Structures are given as C-alpha cells and as structure tokens.
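S.K.: Before anything else, here's the structure in question.
The values are calculated or read from the model by the stated rules, or taken from the named source; none is laboratory data. From a predicted model like this one, the values you see are computed outputs, not experimental measurements. Quick reminder, even Gly has a Cβ in these numbers, built from the backbone with ideal geometry, and neighbours come from all protein chains shown. In case anyone asks, the SASA skips ligands and DNA or RNA and just uses the protein heavy atoms, side chains included. Shrake-Rupley method; radii C 1.70, N 1.55, O 1.52, S 1.80 Å.
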Amino acid sequence: MSRICQITGKKVISGNNVSHSNKKTKRTFKPNLKIKKFYVPELDEWVVLKVSAAGLRTIDKKGVYKAMCDAQDAGYLNRW
C-alpha cells in the first residue's frame with residue numbers, strides 16, 4: 001500500500017535538506033500515517049483505514065461515515 005492518507009489525500013512530497021554550508025540534498029517529507037480500525041454504525045461493520053493525524057481530526061469532527069463519503073467523492077478512497 002502506498003503512503004497516502006485515505007481521508008485527506010496527504011502523500012509523500014519532496015524537498016531539500018539544507019546544511020549549515022547551505023548545500024542542498026534531496027529528501028522526502030512523509031505524512032504521519034496510522035493504520036486504524038473504525039466501526040461504522042451506518043454500515044454495521046468495521047473498516048480499516050490508513051489515515052494521517054489530520055485525517056483522524058477530520059473523522060472526529062465529521063464522523064467516520066461522512067468523512068469516508070467525502071473522501072470517496074474527492075477520489076482518495078476507492079471503496080470501503
């Protein structure tokens with residue numbers, strides 16, 4: 001599985017390490033992903049999602065079913 005949040009769509013981005021001498025080398029910034037299991041009462045089943053910390057806050061705010069529906073509309077979540 002790739003390093004993409006299934007709720008917010010956050011993914012790996014690239015940038016530079018900058019040393020004291022201002023020399024630049026490539027590096028990657030990885031999202032803070034966790035694999036979590038959520039119970040969805042509307043579906044009466046458990047779903048396993050790979051979510052970022054921001055995705056967990058979104059789920060807390062909207063609810064897991066609404067967040068999954070929004071992520072599917074945005075194209076981040078194929079099917080649960």
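S.K.: Find the accessible area per residue for the chain; the probe is 1.4 Å, ligands and nucleic acids are left out, and the unit is Å². The partial results should precede the final answer.
M.R.: Numbers: 5890 Å² over 80 residues.
That works out to 74 Å² for each residue.
S.K.: At a 10 angstrom cut-off on C-beta neighbours, averaged per residue, how do the peptides 5-11, 42-48, 65-71 rank from highest to lowest? Each step should come with its number before you reach the end.
M.R.: On the way: 5-11: 20.6, 42-48: 10.9, 65-71: 18.4.
Answer by packing, highest mean first, reads 5-11, 65-71, 42-48.
S.K.: Let me ask something additional. Lysines within cross-link reach of Lys50: Cα-Cα under 25 Å, excluding same-chain residues under 8 positions apart?
M.R.: Those lysines meeting the cut-off are Lys10, Lys11, Lys30, Lys34, Lys36, Lys37, Lys61, Lys62, Lys66.
S.K.: Which percent of Cα pairs goes in each bin when the distances of region 33-74 are cut into 5 angstrom slices starting at zero?
M.R.: That works out to 6, 23, 35, 29, 7, 0, in percent per bin.
S.K.: In degrees from 0 to 90, rounded to the nearest 10, what is the angle of the helix 64-74 Cα long axis to the longest principal axis of the chain?
M.R.: 60
S.K.: Considering the values [x] 6.8; [y] 6.3; [z] 9.3, which represents mean projected area of the Cα convex hull in nm² as calculated for the structure under consideration?
M.R.: Recomputing mean projected area of the Cα convex hull in nm² here gives the entry labelled [y].
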